[in-house]
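In what follows, a single structure is set out as structure tokens and then discussed.
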Amino acid sequence: MDVSPDIRLLTEEDAALFNAFCDKATEDDLDAASVELDHWLVAGAFENGELVSAASMYPWDDAKLADTGVLTLPHARGKGYASRLFRGISHFAIERGGFEPQYRCQLDNLPSVALAKTCGLVEFGRWDVILSR
């Protein structure tokens, strides 16, 4: 994936790097993004050698949809890493796997909603989760 010199695919060999990235993120951010190194496709964006943004995709059931999560560390937000990363991983999924990217986010997460708009995505549905008490 040649998007830019600071973005590349991640593999199991990047486990220590990915774990260090996760250690810098909040638990809430990790849960909301659902970015995992063992997903079907994983990529990262680097700033001065540090992994500052990660995206992962996994196939959605039997459909040709790939659910995508993106997480950027707070100090690297607003620099365009997430949008370049999403575009790059999406291109790879379409070209190599025939998957259509699907991006989900919390509607109250305004930076995440803005990322979707920046990448040219449009809302096609909402998912309500009912929690039992």
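Of all the numbered requirements in (1) in a strand (DSSP E or B); (2) farther than 27 Å from G125 by Cα, A20 misses one, and that requirement is (1).
Do any strands (runs of 3 or more DSSP E) entirely within the stretch 37-133 hold 1 or more residues that are farther than 28 Å from A16 by Cα, and if so, which? Explain how you work it out, then say what you get.
Numbers: elements: 41-47, 50-59, 65-72, 100-103.
Strands (runs of 3 or more DSSP E) meeting the threshold: 65-72, 100-103.
Set side by side, the residues D2, D6, D14, D38 differ, and just one is at pLDDT 95 or above, over 15 Å from the mean Cα position of the chain (by Cα) and acidic (D, E), which is D14. Given the condition surrounded by fewer than 20 Cβ atoms within 10 Å (Cβ to Cβ), of a type in the set (K, R) and within 20 Å of R126 (Cα to Cα), answer yes or no: does some residue in the stretch 71-86 qualify? No. Please tell me if F124 is touching a residue at least 24 places away in the same chain (Cβ under 8 Å) and not β-branched (V, I, T). The answer is no for F124.
Looking only at the stretch 2-30, residues that are under 18 Å from S83 (Cβ atoms) and surrounded by fewer than 16 Cβ atoms within 10 Å (Cβ to Cβ) come to 4 in all.
Within the stretch 1-17, count every residue that is among the hydroxyl-bearing types (S, T, Y), over 16 Å from A76 (Cβ atoms) and either part of a strand (DSSP E or B) or in contact with a helix residue (DSSP H, G or I) (Cβ under 8 Å, 6 or more places away or on another chain) (or both). Give the derivation first.
Restricting attention to the stretch 1-17, the residues satisfying the condition of being among the hydroxyl-bearing types (S, T, Y) are 4, 11.
Now restrict to residues that are over 16 Å from A76 (Cβ atoms): 11.
If we keep only those that are either part of a strand (DSSP E or B) or in contact with a helix residue (DSSP H, G or I) (Cβ under 8 Å, 6 or more places away or on another chain) (or both) as well, we get none.
Final tally of qualifying residues: 0.
Pick out the one residue from A45, A33, A93 that is buried (at least 20 other Cβ atoms within 10 Å of the Cβ) and under 16 Å from C105 (Cα atoms). Walk me through it before giving the result.
Details: A45 fails: under 16 Å from C105 (Cα atoms); A93 fails: under 16 Å from C105 (Cα atoms).
A33 is the lone residue from the list that is buried (at least 20 other Cβ atoms within 10 Å of the Cβ) and under 16 Å from C105 (Cα atoms).
The values are calculated or read from the model by the stated rules, or taken from the named source; none is laboratory data. Computed from a predicted structure; not experimentally measured. FYI the Cβ positions are ideal-geometry reconstructions off the backbone, even for glycines, and counts take in every protein chain you see.
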